[in-house]
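Data first, discussion second: the structure below is written as structure tokens.
The values are calculated or read from the model by the stated rules, or taken from the named source; none is laboratory data. Computed from a predicted structure; not experimentally measured. When we count neighbours, we look across all protein chains shown, and the Cβ atoms used for this are built from the backbone with ideal geometry, even at glycine.
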Ligand SMILES: Nc1ncnc2c1ncn2[C@@H]1O[C@H](COP(=O)(O)OP(=O)(O)OP(=O)(O)O)[C@@H](O)[C@H]1O
Ligand SMILES: [Mg+2]
């Protein structure tokens, strides 16, 4: 352009040259925008598919089938001596009460095999429900009451429509006889679906209808709390030291390279390390939130350190100079000025690390978190499992009822992940400052 | 960067003819670098940014109760030299300072010397305004707070308002002291930074183009402040305004491509420069 001018070609105004190329430039821009939009739409589509699949499979798990039976709290069964001794009440044979109640609703069923089939319609957990009722209110003894009892998982699946009633009997899990009973109960209004509180208040169980995520949720909570406690201060401290205080030499370069490498190491390796070092050498109890947190801290540390260093790097050096210039010590400079400005980035990195830790399974399998633990953990050193491992275990179970519970647990996990990422966004907003 | 400066000097007629014809002028400092009553004494200071030398064997004294102005073309090393005087260059990776710089007879680059109290003693106003992203009040109060200069909130309030008044910013910000200092205009930020520096009462004040973004009225206020501070303190000021140098300073130092070319009484430098480069510069043939 300049040459043409210098060569004495007819003078061309800059605006003409600009206009000539404008169309091409805009076309390029449009193409780029369409490409970006396409990528986003495709991504959203897959996310929507994933969510639709999980929710479609899992939403029924938030409901549970109950069967209403007229239970007579027979004093001769519960408390033959009439002493109301809690120990006796606790040990009484409540299953017998349920059998009796069923006999009343289905008087025509008498054959031994049939009564057993009838009994299996009610969950084995129902008798403990009756026991709790009696323990809470001993006055019930001697009365008769309509009680909603937890149905067995097969009945639950049938009522929810996961078992096709039109299939021939040989291919159906629920036999014709039971199907008839269920239909009769349904017509009498003795079957109802209620909100599944058990799912949120119980630990896991071999019986799907008694299995809940409370144990795994508490395990995850304790684990994450400890992981945060370990990895955030160490990560931020390490980043601060490496970025602001450490001399820049070959050693620190080596450390930097290794931290970046650690971030890419498969997580199961951290599990093996935890098994060998924390459990093998230091004797940390296995299957506990403590050991899980130690391993997950190792895993998330590189993420936090890298994010924190990037956040520190993005703080303008003029702020450091300003602080040092009025005589602040290096530590004061960091604590009063640099750290607050770097905080949003550090928190984002930490929450990403935590989200990663929340969803991690592989290394935890190595350190015994896969054990079958029914009790809800009560502390950092009580045996427990975590949500993703629970999902893994349930996904492995053959019962149809565990399929929906798996999906429901995934929904809970996703909800927590979304919550955490939302917190990250909010924290960023809160701490973000202009300079 | 260095090439542009070289090119610039080559293109400038007066310089290039002298250099091309081989009669390269001496870069040894003309004039007396010493003063009778020195506060800071710099001898043979070299500064390197990596392999590039930015300051070449500069010796200069800064006396008690005097204002020394440093002038010279852009990129000649004025800021670099100024930043050596309170060890601000320590924060730059790859920056190396040799030679000796003393404050009251104490070598400030001594291994055992702590730069933290040094910087409380030798304050600095940076070339680019750099307020903290905190409130205006907090900006001014920060130094006093960390050094424990005041005993209570009332004293601190008093110090903040006095400092802002001296910097000529009080009337503009007195109603919004709790608003972020970064929300001020460029010139206001510059004065805020001046207020922040004088709030800790440093005994030597280094000012790097403190009035570059100020209108004539605000400039006059700052120049008045400098004059007032001179009664007790020593001041080194970098400026591109020769009128300003003439107004506020007693001595002037002319830098050129890392060399200190000439030092002398401000009057003498502006009326009767001894070195040809100085003359070219102040008469507007260079820079
Ligand atoms: N941090 C740095 N790293 C490398 N080189 C630098 C750095 N700071 C300054 N320099 C170089 O040192 C030389 C002197 O810079 P300096 O900032 O001291 O100039 P100056 O005289 O203050 O210029 P101005 O009047 O434009 O502010 C320049 O050539 C510059 O490129
Ligand atoms: Mg400068």
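Do any helices (runs of 4 or more DSSP H) lying entirely in region A:323-410 carry at least 1 residues that are touching a helix residue (DSSP H, G or I) at 6+ places or on another chain (Cβ under 8 Å) and farther than 19 Å from residue A:295 by Cα, and which ones are they?
A:339-358, A:387-395
Is at least one residue of region B:185-194 at the interface with chain A (Cβ under 9 Å from one of its Cβ atoms), within 16 Å of ligand 1 (Cβ to nearest atom) and closer than 25 Å to residue A:431 by Cα?
The answer is yes; a qualifying residue exists.
Can you say whether residue B:78 is under 16 Å from residue B:40 (Cβ atoms), within 16 Å of ligand 2 (Cβ to nearest atom) and either within 14 Å of another protein chain (Cβ to nearest Cβ) or touching a residue at least 40 places away in the same chain (Cβ under 8 Å) (or both), as far as the supplied structure shows?
So residue B:78 fits the description; yes.
Checking the condition surrounded by 13 or more Cβ atoms within 10 Å (Cβ to Cβ) and within 42 Å of the chain's Cα centre (by Cα), which residue from A:46, A:32, A:62 passes?
Result of the check over A:46, A:32, A:62: A:62.
Looking at region B:106-149 only, could you name the residues that are within 7 Å of another protein chain (Cβ to nearest Cβ) and within 16 Å of ligand 2 (Cβ to nearest atom)?
Those that are within 7 Å of another protein chain (Cβ to nearest Cβ) and within 16 Å of ligand 2 (Cβ to nearest atom): B:124, B:126, B:128, B:130.
Need the failing condition index for residue A:320 against (1) surrounded by 18 or more Cβ atoms within 10 Å (Cβ to Cβ); (2) out of contact with any helix residue (DSSP H, G or I) (no Cβ under 6 Å at 6 or more places or on another chain); (3) within 14 Å of chain B (Cβ to nearest Cβ); (4) farther than 30 Å from residue A:422 by Cβ, just the number.
(2)
Let's see how each residue does on (1) part of a helix (DSSP H, G or I); (2) modelled with pLDDT of 95 or more; (3) at negative phi; (4) within 23 Å of the chain's Cα centre (by Cα):
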residue: A:229; (1), (2), (3), (4): yes, yes, yes, yes
residue: A:243; (1), (2), (3), (4): yes, no, yes, no
residue: A:247; (1), (2), (3), (4): no, no, yes, no
residue: A:252; (1), (2), (3), (4): yes, no, yes, no
residue: A:255; (1), (2), (3), (4): yes, no, yes, no
residue: A:262; (1), (2), (3), (4): yes, no, yes, no
residue: A:271; (1), (2), (3), (4): yes, no, yes, yes
residue: A:286; (1), (2), (3), (4): no, no, yes, yes
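Of these, B:87, B:39, which one is at pLDDT 90 or above, farther than 21 Å from residue B:273 by Cβ, more than 16 Å from ligand 2 (Cβ to nearest atom) and within 14 Å of another protein chain (Cβ to nearest Cβ)?
B:87
Which of the residues belonging to region A:336-362 are under 35 Å from the mean Cα position of the chain (by Cα) and within 14 Å of another protein chain (Cβ to nearest Cβ)?
If the condition is that a residue be under 35 Å from the mean Cα position of the chain (by Cα) and within 14 Å of another protein chain (Cβ to nearest Cβ), then A:338, A:339, A:340, A:341, A:342, A:343, A:344 are the ones that fit.
Please note which helices (runs of 4 or more DSSP H) are completely contained in region A:1-117 and include at least 1 residues that are modelled with pLDDT of 90 or more and under 30 Å from residue A:207 (Cα atoms).
A:14-58, A:94-105
Tally up the residues in region B:240-262 that are more than 12 Å from residue B:67 (Cα to Cα) and in contact (Cβ under 8 Å) with a residue 24 or more places away in the chain, please.
Of the residues in region B:240-262, 12 are more than 12 Å from residue B:67 (Cα to Cα) and in contact (Cβ under 8 Å) with a residue 24 or more places away in the chain.
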